[in-house]
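Peer 1: Quick one: this structure, given as structure tokens, is what I'll be asking you about.
The values are calculated or read from the model by the stated rules, or taken from the named source; none is laboratory data. Here the structure is a predicted model, which is why all the values come from computation and not from measurement. Note that each Cβ is placed from the backbone with ideal geometry, even for glycine, and that neighbours are counted across all protein chains shown.
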Amino acid sequence: MEAVRYALQAVLPVALLLVLGWLLRKRNMVSEHFAAEGDHLCMRLLFPVLLFRSISQAELALDSCLRSIAFAYGFIAVCLLAGVLVIPHLIHDRRQIAVVIQCLYRGNFTLYGIPFSQLLGGAGAAAAASAMAAATLPVLNIAAVVMYAWYAGQEHKSWGQLLKGILKNPILWGVFLGLAFRPFHMALPGPLESLTTSLASMASPLAFLTLGAKLYNGKRPAGQRNLTAAVVAWKLLVMPLLGMPIAIWGFGFRGTELIPVFLFTAAPSAITTYQLAGEYGADDLLAGSIVTTSTLVSSVTLCVFVALMKQTGLI
């Protein structure tokens with residue numbers, strides 16, 4: 001019951017933000033222009049600041065978490081490779097290819113991994129989750145930008161165009177600056193520290209609020225609803241079922257070590273998938289639909305998996 005209660009506590013604030021955005025748009029308290037500008041603000045300023053702070057300030061306990069980080073890197077690599085090789089043969093709309101690849105390989109681990117690990121495994125699991133988040137954030141964001149830059153639009157791009165699109169992305173600069181600051185453990189001056197803290201705290205709430213507002217006018221064709229259902233089922237059910245046997249029998253994870261690894265495979269799709277889709281002209285309605293649906297459904301799937309692992313003595 002504790003896992004169920006915590007899952008609902010984690011999901012309900014996000015769900016309420018989506019509903020609030022939808023209601024505000026319905027009552028014309030916010031406009032489509034506001035939602036578009038909010039997305040732009042998140043992409044150009046808030047998420048880069050959030051990533052800068054997350055990467056530059058995170059404690060990375062490599063000595064005790066190397067196996068967990070290695071598993072996370074392997075999981076990302078396999079998912080990306082499978083996505084690039086398989087998805088383009090199943091989906092022919094280039095605006096949807098990058099969205100589906102992103103939604104499958106990238107979960108909202110920062111939001112779910114650390115607090116869930118703390119709840120289920122205590123300080124040791126939370127420390128491992130923090131290390132995994134810090135180690136994988138740069139890789140996840142660089143891969144995200146590359147995927148969208150390559151697949152956005154209807155035509156293939158030259159390597160020069162691809163590189164230009166990558167280097168212009170503010171999220172990537174947030175990652176680079178965070179990596180540059182990390183080795184020096186530099187504290188920002190008081191006013192800048194306060195400013196970046198405030199901006200970072202705005203990123204996720206505003207992103208979900210504008211997503212809810214955009215979903216008000218979003219009419220999804222039946223084919224897109226089916227695609228959303230398929231991606232969410234694969235992300236929340238199939239991927240954990242494929243990843244966990246490897247983690248348990250291949251890497252030997254049990255107990256506290258297994259908790260953040262499980263959450264890395266089972267977390268719902270990340271909100272930045274939707275933000276990047278809008279920035280690069282991909283199918284942001286599909287991305288928003290997958291992010292919303294996976295966030296809500298994960299309150300059930302996470303509880304079921306946790307209950308099963310507790311029942312079998314794995315955690």
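Peer 1: Any chance segment 227-244 includes a residue that's of a type in the set (D, E, K, R), assigned to a helix (DSSP H, G or I) and at pLDDT 85 or above?
Peer 2: Yes.
Peer 1: Further question: Give, as residue ranges, the helices (runs of 4 or more DSSP H) completely inside segment 16-112 that count at least 2 residues that are of a type in the set (Asp, Glu) and either free of Cβ contacts under 8 Å to residues at least 12 places away in the same chain or touching a Ser or Thr at 6+ places or on another chain (Cβ under 9 Å) (or both).
Peer 2: Helices (runs of 4 or more DSSP H) meeting the threshold: 32-41.
Peer 1: Somewhere in segment 302-310, is a residue touching an Asp or Glu at 6+ places or on another chain (Cβ under 6 Å) and crowded, with 24+ Cβ neighbours inside 10 Å? Let's see the steps before the verdict.
Peer 2: Initially, segment 302-310 is screened for residues touching an Asp or Glu at 6+ places or on another chain (Cβ under 6 Å), giving none.
No: segment 302-310 contains no residue that is touching an Asp or Glu at 6+ places or on another chain (Cβ under 6 Å) and crowded, with 24+ Cβ neighbours inside 10 Å.
Peer 1: List pairs: first residue in segment 209-222 and at pLDDT below 75, second residue part of a helix (DSSP H, G or I) and surrounded by fewer than 16 Cβ atoms within 10 Å (Cβ to Cβ) anywhere in the structure, Cβ distance under 8 angstrom, at least six positions apart or on different chains.
Peer 2: LYS214/GLU32; TYR216/LYS26; ASN217/GLU32
Peer 1: Assess whether VAL304 counts as being out of contact with any Leu (no Cβ under 6 Å at 6 or more places or on another chain) and without any contact (Cβ under 8 Å) to a residue 24 or more places away in the chain.
Peer 2: Here the answer is yes, as VAL304 does meet what is asked.
Peer 1: If you scan segment 20-73, which residues turn out to be within 15 Å of THR196 (Cβ to Cβ), hydrophobic (A, V, I, L, M, F, W, C) and at pLDDT below 75?
Peer 2: LEU51, ILE55, ALA58
Peer 1: Of the residues that make up segment 110-126, is at least one at pLDDT 80 or above and either touching a Phe, Trp or Tyr at 6+ places or on another chain (Cβ under 8 Å) or within 24 Å of VAL306 (Cα to Cα) (or both)?
Peer 2: Scanning segment 110-126, I find no residue that is at pLDDT 80 or above and either touching a Phe, Trp or Tyr at 6+ places or on another chain (Cβ under 8 Å) or within 24 Å of VAL306 (Cα to Cα) (or both), so the answer is no.
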